[in-house]
Amino acid sequence: MTIATGHERVLAHAAEVGLDVQIVERPAARSLDEAAVLLGIPPHSLVKSLVVKRHDGDYLFALVPGDRQISWRKLRAIVGVNKLRLPDPALAHAATGYERGTITPLGSTRVWPVFADSTITGERIAMGAGEHGFSAFVDADAMIAAVGATVADISDPIDEG
């Protein structure tokens, strides 16, 4: 049995749900800003897919634009829980089948609820493609519909201070 690569899993899931995804190979980047430059897009259009651990042991995905950060207060209120956290890399991999920096709800080994920040709607975005050196371009609204994401204000501007 052949195990699909990360970006092959992304493409297979996208095809299954009728989502048009373009996978682009790119050099390694040391930061989100560098990745955005390599892809020729503003940092806002590079969406971080974060896997978040709930206190009950389940997970969820939070999709946040690159120029913003997750708002734990807002996300807890939307999810209706008092405690959320980023899991360590091994737990994130176990929950999704993807390493940090490549995580996406598309092709994840487990289906978890998806929460998308409202600022990504109406955009063509790039996000993790399941493996390092690749990015997935997709229409945010189509992706949100395909994964049944809840759209809400779950981010804040990045605190530069």
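Which residue, of H93, H132, is of a type outside the set (G, A, S) and more than 14 Å from V52 (Cα to Cα)?
When all the criteria are applied, what remains is H132.
Would you confirm, using the coordinates I've provided, whether S49 is touching a strand residue (DSSP E or B) at 6+ places or on another chain (Cβ under 7 Å), more than 19 Å from E131 (Cα to Cα) and of a type in the set (G, A, S)?
It is false that S49 is touching a strand residue (DSSP E or B) at 6+ places or on another chain (Cβ under 7 Å), more than 19 Å from E131 (Cα to Cα) and of a type in the set (G, A, S).
Quick one: which strands (runs of 3 or more DSSP E) lie wholly within region 90-161 and hold at least 3 residues that are under 14 Å from the mean Cα position of the chain (by Cα) and surrounded by 14 or more Cβ atoms within 10 Å (Cβ to Cβ)?
The qualifying strands (runs of 3 or more DSSP E) are 114-117, 124-128, 134-139.
Being of a type in the set (G, A, S), in a loop (DSSP other than H, G, I, E, B), in contact with a helix residue (DSSP H, G or I) (Cβ under 7 Å, 6 or more places away or on another chain) and more than 25 Å from G122 (Cα to Cα): is that true of A28 here?
Judged against the criteria, A28 is not a match.
Looking at region 53-68, can you tell me whether even one residue there is surrounded by fewer than 20 Cβ atoms within 10 Å (Cβ to Cβ), over 16 Å from A94 (Cβ atoms), in contact (Cβ under 8 Å) with a residue 60 or more places away in the chain and not polar (S, T, N, Q)?
Scanning region 53-68 turns up at least one residue that is surrounded by fewer than 20 Cβ atoms within 10 Å (Cβ to Cβ), over 16 Å from A94 (Cβ atoms), in contact (Cβ under 8 Å) with a residue 60 or more places away in the chain and not polar (S, T, N, Q).
Only residues that are of a type outside the set (S, T, N, Q), more than 20 Å from D20 (Cβ to Cβ) and touching a residue at least 24 places away in the same chain (Cβ under 8 Å): list them for region 93-130, please.
Selection gives A95, G97, Y98, E99, G101, I103, R110, W112, P113, F115, D117.
On the given criteria, is L75 in contact (Cβ under 8 Å) with a residue 12 or more places away in the chain, surrounded by 15 or more Cβ atoms within 10 Å (Cβ to Cβ), over 18 Å from A12 (Cβ atoms) and of a type in the set (A, V, I, L, M, F, W, C)?
Criteria met by L75.
State the number of residues belonging to region 43-60 that are in a loop (DSSP other than H, G, I, E, B) and touching a helix residue (DSSP H, G or I) at 6+ places or on another chain (Cβ under 6 Å).
Result for region 43-60: 0.
Touching a Phe, Trp or Tyr at 6+ places or on another chain (Cβ under 7 Å), farther than 15 Å from P43 by Cα and assigned to a strand (DSSP E or B), is that true of L75?
So L75 does not fit the description; no.
Please count how many residues of region 11-29 are charged (D, E, K, R) and closer than 16 Å to A142 by Cα.
2
Just so you know, all these numbers are worked out from the coordinates, no wet-lab data involved. Just so we're clear, the structure is a prediction, and the values are computed from it rather than from any experiment. All Cβ positions, glycine included, derive from the backbone under ideal geometry; neighbour counts span all protein chains shown.
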